[in-house]
């Protein structure tokens with residue numbers, strides 16, 4: 001497996017971010033040690049870059065400008081974009097989140113690489129829902145619906161501070177007023193949140 005063969009196969013299939021297992025699946029006849037040595041050699045030459053242990057990004061002969069939200073999905077699986085990043089995406093909050101924030105069923109983790117800081121907050125499996133596939137530059141990204149992103153945010157505010165007041169938040173009330181109350185109720189119940197406590201603010 002030459003780098004040219006590897007590059008053509010992965011660029012054609014849009015495998016801009018990949019793992020050792022991905023390489024093995026595309027080149028099943030290659031020996032494990034040969035793949036590991038090739039990845040090490042290409043990383044040293046700057047043809048691929050490490051995003052975390054065992055996860056790489058294709059960076060040569062050009063930058064593919066992979067969206068940070070797609071990177072987040074790939075960094076920690078399963079996960080979906082939510083909390084401040086999703087709320088900013090929907091203009092529910094005016095701030096642009098400093099880190100890309102996601103929800104996962106795995107332990108809470110943070111990663112930092114050339115794309116920036118990525119944080120993942122843990123929720124129970126039953127509440128891991130309310131997301132959909134959004135396409136960015138023909139790449140599929142899992143992101144929370146606006147209602148789920150809001151409830152996820154409220155849940156962690158309550159979880160951390162045991163107190164939450166909408167009046168302390170810089171939410172766009174007009175956008176929130178247009179959210180689907182049925183979905184808000186559904187997602188709130190998954191966290192045992194009382195929707196009556198915050199519906200009055202709408």
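The values are calculated or read from the model by the stated rules, or taken from the named source; none is laboratory data. Predicted model only: the values in this text are computed from it and were never measured. Quick reminder, even Gly has a Cβ in these numbers, built from the backbone with ideal geometry, and neighbours come from all protein chains shown.
The table below lists the values:
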read-out	value
Test for residue 189: is it in the same structural domain as residue 97 (by TED's automatic domain parsing) and modelled with pLDDT under 95	yes
The lone exception for residue 42 - which of (1) modelled with pLDDT of 95 or more; (2) loosely packed, with under 15 Cβ neighbours inside 10 Å; (3) farther than 27 Å from residue 132 by Cα it fails	(2)
Single condition residue 53 does not satisfy, out of (1) over 17 Å from residue 112 (Cα atoms); (2) surrounded by fewer than 17 Cβ atoms within 10 Å (Cβ to Cβ)	(1)
Exclusive hit being farther than 25 Å from residue 175 by Cβ and at pLDDT below 95, set 160, 138	138
Subset of the stretch 144-191 that is under 18 Å from residue 85 (Cα atoms), in a loop (DSSP other than H, G, I, E, B) and without any contact (Cβ under 8 Å) to a residue 40 or more places away in the chain - its residue that is farthest from the chain's Cα centre (by Cα)	179
Within the stretch 129-148, tally of residues that are buried (at least 20 other Cβ atoms within 10 Å of the Cβ) and either over 16 Å from residue 104 (Cα atoms) or out of contact with any strand residue (DSSP E or B) (no Cβ under 8 Å at 6 or more places or on another chain) (or both)	2
Any hit, the stretch 136-143, residues being part of a helix (DSSP H, G or I) and touching a residue at least 40 places away in the same chain (Cβ under 8 Å)	no
Check on residue 120, surrounded by 14 or more Cβ atoms within 10 Å (Cβ to Cβ) and either part of a strand (DSSP E or B) or without any contact (Cβ under 8 Å) to a residue 40 or more places away in the chain (or both)	yes
Checking residue 84 against (1) more than 21 Å from residue 14 (Cα to Cα); (2) modelled with pLDDT under 95; (3) touching a strand residue (DSSP E or B) at 6+ places or on another chain (Cβ under 9 Å), the condition it does not meet	(2)
